[in-house]
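First up is the structure itself, then whatever we jot down about it.
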Amino acid sequence: MDLLMNRRRLMQAGAGLALGATAFGRAFAQEIPAKPEAGAIKMAIEPWLGYGQWHVAAKKGLFKAAGLDEVEIVNFTTDADLNAALASGQTQCGNIATHTAMAFAAAGLPIKIVALLDVSMTADAMITDGSVASIADLKGKQVAFEEGTTSDILLNYALSKNGMTIADIQKVPMPAADAGTALIAGKVPVAVTYEPYISLAKTQSDKVKLLFTAGENPGLISDVFVVREEFLAAKPGQVVALLKAWDAALSAYRADTTAAQAIIAEAVGAKPEELKTAFEGVTYYSLAENRTHLSGDFLAKVVPEVKAAATKAGLLTKDVDVAKLIDGRFVDAASK
């Protein structure tokens with residue numbers, strides 16, 4: 001489970017991300033072919049269970065069933081490495097948090113969001129040792145969390161909703177993997193982390209309670225599938241086939257959840273029993289659900305909230321037109 005340590009760390013947006021950026025002012029005029037083009041695909045991923053359907057697709061041969069020659073799932077243990085791979089074109093597509101996609105776009109990286117993958121409900125949360133009963137009680141208290149990540153977003157959002165700012169607490173920066181441990185050890189009264197660390201902390205002490213979860217604002221902590229623009233232009237059929245494979249994997253997951261969760265648990269370096277409640281805190285999105293949400297509630301409600309939270313937290317320092325960042329053509333084509 002150490003592989004989960006750096007899930008979805010927000011990169012420091014800078015000039016380095018502009019490497020490989022090309023002018024893509026032209027519209028995608030070509031039609032999306034019925035069959036995927038030939039060639040291999042490299043997909044960037046981290047060991048977060050929200051991306052798990054890709055592992056189900058690989059294990060069950062669903063990429064080949066969708067007509068793809070080869071899909072290499074390239075694992076990264078830090079966001080910095082994943083971000084660099086996408087920026088340089090080492091990988092053509094990747095799985096990242098919604099606010100990270102915004103930061104990529106703000107930094108000039110030529111990518112598009114083509115699908116909403118998952119939303120965290122209780123799989124990202126603030127937990128307490130029982131001594132803190134409300135967000136208001138956090139004033140002056142130590143809070144362990146990983147800066148620049150989804151944990152940072154969640155903490156800032158919770159404080160803001162209660163008329164507070166990050167200045168009202170004592171920050172204790174540390175990896176999300178260590179935050180729960182610090183709580184159990186009595187070093188801090190509150191920690192912000194995610195699964196499986198939430199469940200592990202709760203099993204170690206019955207005093208551990210949830211204080212605030214991502215489910216307070218569904219979508220605030222969410223993940224998207226992004227593709228580099230030149231790949232969208234050159235291999236649109238492959239992108240559609242990838243989405244079909246995700247959808248087939250999700251259907252398999254829903255048909256035999258136990259078996260699929262075992263595949264995902266192994267891929268992220270955990271045991272199925274350790275992630276039993278973790279999976280309950282994540283909502284996966286099918287193609288049909290994407291058609292409803294991607295250009296609907298996700299764009300109209302979720303994205304503005306994420307953008308505002310990331311900006312307020314200082315994680316997004318440049319404005320970005322998110323409507324132009326989302327390309328729903330591939331979900332539509334894959335749904336036919």
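The values are calculated or read from the model by the stated rules, or taken from the named source; none is laboratory data. Note that the structure is predicted; figures quoted are calculated from it, not measured. No Cβ is skipped: glycine too gets one built from the backbone with ideal geometry, and neighbour counts run over all protein chains shown. In case anyone asks, the SASA skips ligands and DNA or RNA and just uses the protein heavy atoms, side chains included. Shrake-Rupley method; radii C 1.70, N 1.55, O 1.52, S 1.80 Å.
A compact table of results
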| read-out | value |
| --- | --- |
| For F76: the one exception among (1) crowded, with 18+ Cβ neighbours inside 10 Å; (2) within 20 Å of P236 (Cβ to Cβ) | (2) |
| Residues of the range 236-274 classified as out of contact with any helix residue (DSSP H, G or I) (no Cβ under 7 Å at 6 or more places or on another chain) and basic (K, R), total | 1 |
| In the range 235-246, the residues that are assigned to a helix (DSSP H, G or I) and open to solvent by 40 Å² or more (accessible area, probe 1.4 Å) | K244 |
| The range 206-234, subset outside any loop (DSSP other than H, G, I, E, B) and of a type in the set (K, R), residue surrounded by the most Cβ atoms within 10 Å (Cβ to Cβ) | R228 |
| Top-ranked residue of the range 107-147 - restricted to ones that are among the small types (G, A, S) and open to solvent by 10 Å² or more (accessible area, probe 1.4 Å), ranked as farthest from G50 (Cα to Cα) | G140 |
| Residue in the range 231-247 that is over 30 Å from S88 (Cα atoms) and basic (K, R) present | no |
| Residue in the range 194-205 that is of a type in the set (D, E, K, R), buried (at least 16 other Cβ atoms within 10 Å of the Cβ) and in contact (Cβ under 8 Å) with a residue 60 or more places away in the chain present | yes |
| Single residue of the range 277-322 satisfying the filter (more than 18 Å from V119 (Cα to Cα) and open to solvent by 60 Å² or more (accessible area, probe 1.4 Å)) that is modelled with the lowest pLDDT | K312 |
| Flag if A105 is part of a helix (DSSP H, G or I), at negative phi and not β-branched (V, I, T) | yes |
| Answer from L62, L82 - the residue that is within 26 Å of E305 (Cα to Cα) and either open to solvent by 30 Å² or more (accessible area, probe 1.4 Å) or touching an Asp or Glu at 6+ places or on another chain (Cβ under 7 Å) (or both) | L82 |
| Search result, residues across the range 108-135 that are modelled with pLDDT of 95 or more, among the hydroxyl-bearing types (S, T, Y) and either within 17 Å of I326 (Cβ to Cβ) or not in a loop (DSSP other than H, G, I, E, B) (or both) | T128 |
| Options F63, F76; residue that is at pLDDT 90 or above, in contact with a helix residue (DSSP H, G or I) (Cβ under 6 Å, 6 or more places away or on another chain) and among the aromatic types (F, W, Y) | F63 |
| Residue count for the range 247-276, restricted to those that are open to solvent by 10 Å² or more (accessible area, probe 1.4 Å) and in a helix (DSSP H, G or I) | 19 |
| Residue count, the range 43-78 (criterion: charged (D, E, K, R) and in contact with a Cys (Cβ under 6 Å, 6 or more places away or on another chain)) | 0 |
| Whichever residue in the range 136-175 is in a strand (DSSP E or B) and free of Cβ contacts under 8 Å to residues at least 60 places away in the same chain and, among such residues, is farthest from G314 (Cα to Cα) | Q142 |
| Residue within the range 171-184 that is among the polar types (S, T, N, Q), in contact with a Lys or Arg (Cβ under 9 Å, 6 or more places away or on another chain) and either open to solvent by 40 Å² or more (accessible area, probe 1.4 Å) or at pLDDT below 95 (or both) present | yes |
| Matching residues in the range 55-86 - criterion: being part of a helix (DSSP H, G or I) and either within 26 Å of G148 (Cβ to Cβ) or within 16 Å of the chain's Cα centre (by Cα) (or both) | H55, D79, A80, D81, L82, N83, A84, A85, L86 |
